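**Student:** Please see the structure below; I have some questions.
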Amino acid sequence: MTRPSPPDDLTLVVMAAGLGSRFGGTKQLAEVGPDGEAFLDFAIDDAVAAGVSRVVLIIRTDIEADVRAHLARRERAVPVDFVRQDELGPARAKPWGTAHAILTVAPLVKGPFIVVNADDYYGVSSYRTLAEAMSDMPSDRIYLMAFALGRTLPATGTVSRGVCATEGRRLVELVETHLIGGTDDVITVDGKIADLTAETPVSMNMFGMPASFLDELPQRWSRWFDENGDGDKTEFLLPTVIAELMDEGRFHVEVVTTDENWIGVTNPDDLAVARQILATKRG
């Protein structure tokens, strides 16, 4: 059986402007791979292997030199462009959020694109599956890559996840759920046994988007800013915009799934675990 081909003009958009406050440093460049790779190196390599023909990194001005120096360590098979999130909108210490980040790439991205976080590891097959799903990319469809909840839980502590409520492959609701912990056998929320299982699909901010999505953002950003721009920590968020578009019937979201284990770091102590896993996966 012939596998679907990804779009010819597919772009990878990597959100790398976060502050990493709990991590205590430039988490985007933390060396997690066996050859000193950062998560964003794996993102670029895996996306290119899946058929991406261009990469756009969303960064902050204050980390641009470090990011460029890191990427210069190795040759890239595709061009990598940069946009500075802090140059769009009023200056503020905290970036304005993930939807605002995507708005900054509009001048550069004219076709379908994959969105990922720079500080998460999604796995080789996740990119391939998403790129193949995007071979038929209607202008009113968004693809959400869903991970099994049990494959995203840390060994200790709790996390927040976007829990996917679906009808078939269609996303009905994305429920932001906090303080999730436990094991594959017993999932808890805020210390109480929850109606979730290890196989419950969750979003980890990996999306396949049509170029038409970018057309929706300027007016929504302007409206959001008028209502929320006075706050120091308010954020114009991608899941919120997607939910609005679903409610308005302008876009529908199709969920595609992966068997990959998501890997991320929130605190410095998480680095050792990530390095150990990736030494096996990518050594």
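What follows is calculated from the coordinates using simple rules that are stated; it is not laboratory data. Predicted model only: the values in this text are computed from it and were never measured. Heads up, the Cβs are rebuilt from the backbone with ideal geometry, glycines too, and the neighbour counts pull from every protein chain shown.
**Student:** Just from its helices, what would the mean residue ellipticity at 222 nm be for the chain, if runs of 4 or more DSSP H residues each count -39500 (n - 2.57) and the sum is divided by every residue, rounded to the nearest 500 deg cm²/dmol? Present the calculation step by step, with values, prior to reporting the outcome.
**Tutor:** Values: 8 runs with 75 residues, N = 283.
Roughly -7500 deg cm²/dmol at 222 nm, from the helical runs in the chain.
**Student:** Now, a different point. Mind putting a number on the dipole of the chain about its Cα centre? Charges go on the C-beta only, +1 for Lys and Arg and -1 for Asp and Glu, and I need it in Debye to the nearest 20. Could the numbers behind the result be given before it?
**Tutor:** Values: 27 positive and 43 negative charges, 100 e Å.
Taking the Cα centre of the chain as origin, the dipole is about 480 debye.
**Student:** Right, next: Contour minus end-to-end for Arg223 and Thr280, with contour as 0.36 nm per residue of separation and end-to-end as the Cα-Cα distance?
**Tutor:** Numbers: separation 57, 0.36 × 57 = 20.52 nm, distance 4.70 nm.
Taking 0.36 nm per residue and subtracting the Cα distance, the gain is 15.8 nm.
**Student:** Restricting things to Cα coordinates, could you compute the convex hull volume per residue of the chain in Å³? Mind dumping the intermediate values first?
**Tutor:** Values: hull volume 40.2 nm³, N = 283.
Taking the convex hull of the Cα positions in the chain, it is 142 Å³ per residue.
**Student:** Give me the Kirkwood hydrodynamic radius of the range 84-233, using the inverse of the mean 1/r over all pairs of distinct Cα atoms, in Å to one decimal. List each step's numbers first, then the result.
**Tutor:** Working: mean 1/r = 0.0575 Å⁻¹.
One decimal place: 17.4 Å for the Kirkwood radius.
**Student:** Another question, then. Based on C-alpha coordinates, I'd like the Rg and Dmax of the range 1-147, in Å.
**Tutor:** When restricted to the Cα atoms of the range 1-147, Rg and Dmax are 15.2, 52 Å.
**Student:** Right, here's the next one. How about Lys94: which lysines have a C-alpha closer than 20 Å to its C-alpha, ignoring those fewer than 8 places off in the same chain?
**Tutor:** Lys27, Lys233
**Student:** Just grab the label-to-label distance for Asp9 and Asn267, each label 7 Å out from Cα along the Cβ direction, in nm (one decimal).
**Tutor:** Calculated label separation equals 4.6 nm.
**Student:** Once label points are set 7 Å from the Cα along Cα→Cβ at both Asp215 and Asp185, what is their separation, rounded to one decimal in nm?
**Tutor:** Those two pseudo-labels are separated by 5.4 nm.
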